[in-house]
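The values are calculated or read from the model by the stated rules, or taken from the named source; none is laboratory data. As the structure is a prediction and not an experimental result, all values here were calculated from the model. Positions of Cβ are backbone-derived with ideal geometry, glycine not excepted, and every protein chain shown enters the neighbour counts.
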Amino acid sequence: MHQTRWSNLSGWVVGVLILVGGYCFLAGPSTLTIDEALENLSTETFVNHMTALSSDLMTGRRPGSPGYDAAAAYVIKESRSLGLEPGGIDNTYLQSIVFRRTKVDPTSTAFNVDGSPLTQATDFTLHPRITRDNIDVEAPMIFAGFGISAPDLDYDDFEAIDVTGKLVVVVSGAPDHFGSLERTVLSSNASRDAELRERGAAGVIIVRLGETRASAPSRTRYVVPPDLTQGAGIPEELEASVTVSQRVAADWIKRSGRTFENVLETIRSGVPLSFDLGIDGRVRGNFVIETFESANVAALLPGSDVDLQDEVLVLTAHLDHLGTGIPIDGDSIYNGTLDNASGSAALLTLASVLTSMEAPRRSVLFLWVTAEESGLLGSEYFARFPSVLPRRIVANQNIDGVMGMITAPTDVLAFGYEHSNLSEAVDFAVARTGTPVSPDPTPEENLFIRSDQYAFVRNAIPAIWVQGGRTSLDPERDAQGELDTWIAERYHKPTDDLDQPFDLEGVRRELAANLLVTYHIVNEMGPIRWDENSFLYRRWVGG
């Protein structure tokens, strides 16, 4: 293993930014074999790119900022130097997106039930809307369990009710018999709100379990975002969305002759229970909306097989991070070195190798997406409005954090392995490297649906995410423990910067695994197919 510190490299940053194209990462023939390509994978190339993208000069790469634009320009210049073709709009490397960012005006919010006002923050919190600058919604209120319709899991909160034009009260969560993945997907705001929109609801009122206030201060960032950002091309939302405390909801349910505890026990047991509350609600509020522009960066390596060249594997990494924020120990720049300058650098490193090999049979689109940190927005926009038409996207391979940097692992994790035959590409990679695939060590976190690959999945495109595992080459090291420490001390903090330890052997192994997966998908796989038994297939593809 070769451990270094980023501080030893940070002095190169300005030179790296200026001398783009000044390093030829691969010497030799222009048609490397896969074995030669593996030998030529350059961790130095990777480090150079990551050092540039996570330097203070990029000011944290917040979408819409000069720092993000500088990072995008760097990626474009590197892509052009490798001979990659423009993969964006109008023969450019960019797919620009107009975003809306909105905040609630707290002086304007009101929520009355049968004419009686509730108290903001203590009783309720209004969620910002993205498609309107004010709301005034008055409607009957109805209780609809968890707000989930899942006939394939023998559960449907809407079977006996009509929510058209109503404010729908739902409890956060899902029945106890749901698996972890099913629970996370179906209880998400996106899934529940989409279900309610389709059924014509006027709005949603979400009951947060175990909270005496509408939003617990320590969880506000996750429960009720202070602002909401969305691509202008995806304007889908309910007119009103509110969180209320469990205490308030219990009072409403008590008026119907039931207790909150008995209702919760019933729906948790898997028995739907929905009913009119016999009360009317009125929700009002104003929102401050601003627009800004940010872009996905897209570079194309065309395929060579006349029968397959219109099929595209999209290799993704999110280019954005958090920008600048609250200083910690005097540092206000959230550089995002691991998250995700490392993934962006990995794409450039893989591109430098793949462009030195024989042209792939399928086409490869290298896609650096924006606004992942705001909710996978850049990848969602691309998946809905792909810039490579008339070519057809057949698969996505995502890299979000080269975790092998933290401690060189003996294994890899393959998120999404069980959902499609992209597992064949993972099997090919591990057979060539002798690196085993380990089970997901934290399945309850459902990481597969928490990064950009999930935007493709939601648009019926199979995806895979291969990452360094949690078993270190050094038996004296606790890989999972080191990752947990990294999350506690550096994740989404200014300390995820160039001044942290990293492991070049871990980087090399993770790059090799991803290169082999890519190679197999674009050169050796037959038709790419979902596993029709997959819950995600049933949810997003097969109905």
Query raised in the report: Hey, does region 429-439 have a residue that's surrounded by 17 or more Cβ atoms within 10 Å (Cβ to Cβ), at pLDDT below 95 and in contact with a strand residue (DSSP E or B) (Cβ under 8 Å, 6 or more places away or on another chain)?
Result: yes
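At least 1 residues that are under 17 Å from Gly173 (Cβ atoms) and modelled with pLDDT of 95 or more in each: list the strands (runs of 3 or more DSSP E) lying fully within region 193-247 that qualify. Spell out how you get there, then give the answer.
Values: elements: 203-208, 227-231, 240-245.
Ranges flagged: 203-208, 240-245.
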Query - Of the criteria (1) over 22 Å from Arg450 (Cβ atoms); (2) among the polar types (S, T, N, Q); (3) surrounded by 21 or more Cβ atoms within 10 Å (Cβ to Cβ), which one Asn523 fails - result: (3)
Query raised in the report: Which condition number does Arg458 fail, the rest of (1) buried (at least 17 other Cβ atoms within 10 Å of the Cβ); (2) at pLDDT below 95 being met?
Result: (2)
Query - Matching residues in region 83-104 - criterion: being modelled with pLDDT of 95 or more, assigned to a strand (DSSP E or B) and of a type in the set (D, E, K, R) - result: Glu85
**Report entry** Residues of region 483-492 satisfying the condition of being surrounded by 16 or more Cβ atoms within 10 Å (Cβ to Cβ) and not in a loop (DSSP other than H, G, I, E, B)
**Finding:** Leu483, Trp486
Query - Matching residues in region 280-297 - criterion: being farther than 11 Å from Arg132 by Cα, polar (S, T, N, Q) and surrounded by fewer than 24 Cβ atoms within 10 Å (Cβ to Cβ) - result: Thr291
**Report entry** Hey, Asn335 buried (at least 24 other Cβ atoms within 10 Å of the Cβ) and touching an Asp or Glu at 6+ places or on another chain (Cβ under 6 Å) or not
**Finding:** yes
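Of Val207, Val137, Val169, Val185, which residue is of a type in the set (A, V, I, L, M) and free of Cβ contacts under 8 Å to residues at least 60 places away in the same chain? Walk me through how you get there before you give the answer.
Details: Val137 fails: free of Cβ contacts under 8 Å to residues at least 60 places away in the same chain; Val169 fails: free of Cβ contacts under 8 Å to residues at least 60 places away in the same chain; Val185 fails: free of Cβ contacts under 8 Å to residues at least 60 places away in the same chain.
Testing whether each residue is of a type in the set (A, V, I, L, M) and free of Cβ contacts under 8 Å to residues at least 60 places away in the same chain leaves just Val207.
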Query raised in the report: Considering only region 179-192, how many residues are outside any helix (DSSP H, G or I) and touching a Phe, Trp or Tyr at 6+ places or on another chain (Cβ under 8 Å)?
Result: 2
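Looking only at region 277-323, which residues are assigned to a loop (DSSP other than H, G, I, E, B) and under 30 Å from Ala371 (Cα atoms)?
Pro302, Gly303, Gln309, Asp310, Leu319, Asp320, His321, Leu322
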**Report entry** Failed item in (1) under 22 Å from the mean Cα position of the chain (by Cα); (2) among the hydrophobic types (A, V, I, L, M, F, W, C); (3) surrounded by fewer than 20 Cβ atoms within 10 Å (Cβ to Cβ); (4) under 14 Å from Leu413 (Cβ atoms), with Val466 passing the rest
**Finding:** (3)
Query raised in the report: Can you pull out the residues in region 109-124 that are part of a strand (DSSP E or B), at pLDDT 95 or above and touching a strand residue (DSSP E or B) at 6+ places or on another chain (Cβ under 6 Å)?
Result: Thr109, Ala110, Phe111, Asn112, Val113, Phe124
Report summary line: If we ask which residues in region 461-473 are touching a Ser or Thr at 6+ places or on another chain (Cβ under 9 Å), assigned to a loop (DSSP other than H, G, I, E, B) and either without any contact (Cβ under 8 Å) to a residue 12 or more places away in the chain or aliphatic (A, V, I, L, M) (or both), their number turns out to be 1
Query raised in the report: Looking at (1) aliphatic (A, V, I, L, M); (2) in contact with a strand residue (DSSP E or B) (Cβ under 7 Å, 6 or more places away or on another chain); (3) assigned to a loop (DSSP other than H, G, I, E, B), which is the one condition that is false for Ala174?
Result: (2)
